[in-house]
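I have placed the structure first, in the form of structure tokens, so that the comments after it can refer back to it.
The values are calculated or read from the model by the stated rules, or taken from the named source; none is laboratory data. It should be emphasised that the depicted structure is a prediction, and the values quoted were computed from it without experimental measurement. Note: ideal-geometry Cβ built from the backbone for every residue, glycine included; neighbour counts use all protein chains shown.
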């Protein structure tokens, strides 16, 4: 979970133990089981027509939320059309009921369906505040809330008004990719590195999932981490992504025959995501990561989709993304705890 001291955080004067009923419009809404079942069914029926992101899809949530359960807050207009959704993963944290980010899921939170046609700012902001207020009011009572919302959510004011806290993170996004301009947009020294890398590496697609998993897990172990406990989850996601044609695994092989880097790229109807990258640092291969990123951007261009780097705040990774010339966009990491003592505990855990 995030610590309150991370950059961009805003600290309200008081944090209440439940959602809603703060300084904003949202109020805690009591929803019985039948109403919640109807909301979830409406969500299931709307996922196709409304183009929800891949991480919001029911099949994705069914796989990654196995240690708890997932549900959804849903707002509609007078005609019954969906105006906003907020799917969430209900699990536990330190033994208490919590809403947290599921594994393998970079974004999950508010998604808005704006009215068709041009919107003046005053109407747009009023729409966002109203819909997001309704969604917040439907959140269940939990001890801890933490979600990283997709970059579509530029406005977190309704959460602030309901006494949530926030940390700003960043990603890089190519909204419209013109193949002829991709190389020209890259920083000059990276263009030089890419030219050299073309003679050193060969990129192949269709890497077996077992090989990728072993390569990825080995890299995680070198960092003191491991995805081994979530192996079944990874392979379940891979099986579903393959069945739906929504992902591909690429590998960069050095001229010495060794694998230098690999990337699991996934996409939905609007965006290609730089999902699971891995680099073999031990051998000191240079340029392999940039080669794979450049290849991934080209794949997005072929599909006529946006490209999302999924961001990183780490000082040794963020510059690697920045030099490709995409637009930097803020992402809201929003969280809430019952009292200041809990935030102090998070600070201690971080240290």
note = Considering residues that are touching a helix residue (DSSP H, G or I) at 6+ places or on another chain (Cβ under 8 Å), assigned to a loop (DSSP other than H, G, I, E, B) and farther than 23 Å from residue 60 by Cα, the number found within the range 100-142 is 3
ask   = In the range 277-323, which residue that is within 17 Å of the chain's Cα centre (by Cα) and outside any loop (DSSP other than H, G, I, E, B) is nearest to residue 203 (Cα to Cα)?
value = 277
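Matching residues to (1) without any contact (Cβ under 8 Å) to a residue 12 or more places away in the chain; (2) surrounded by 12 or more Cβ atoms within 10 Å (Cβ to Cβ); (3) part of a loop (DSSP other than H, G, I, E, B):
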residue	(1), (2), (3)
172	no, yes, no
177	no, yes, yes
184	yes, no, no
191	yes, yes, no
194	no, yes, no
197	no, yes, no
203	no, yes, no
207	no, yes, yes
210	yes, no, no
request  = Residue by residue through the range 254-280, note down the ones that are surrounded by fewer than 18 Cβ atoms within 10 Å (Cβ to Cβ) and without any contact (Cβ under 8 Å) to a residue 60 or more places away in the chain.
outcome  = 255, 256, 257, 258
key: In the range 212-253, the residues that are surrounded by fewer than 16 Cβ atoms within 10 Å (Cβ to Cβ), in contact with a helix residue (DSSP H, G or I) (Cβ under 8 Å, 6 or more places away or on another chain), at pLDDT below 95 and in a helix (DSSP H, G or I)   = 228, 231
ask   = Cβ-Cβ below 7 Å, separation at least six or inter-chain, first residue in the range 303-327 and exposed (fewer than 14 other Cβ atoms within 10 Å of the Cβ), second at pLDDT 80 or above and assigned to a loop (DSSP other than H, G, I, E, B): which pairs?
value = 327/175
task = Could you tell me which numbered condition residue 159 fails, if it satisfies all but one of (1) closer than 30 Å to residue 254 by Cβ; (2) touching a helix residue (DSSP H, G or I) at 6+ places or on another chain (Cβ under 7 Å); (3) crowded, with 18+ Cβ neighbours inside 10 Å?
result = (1)
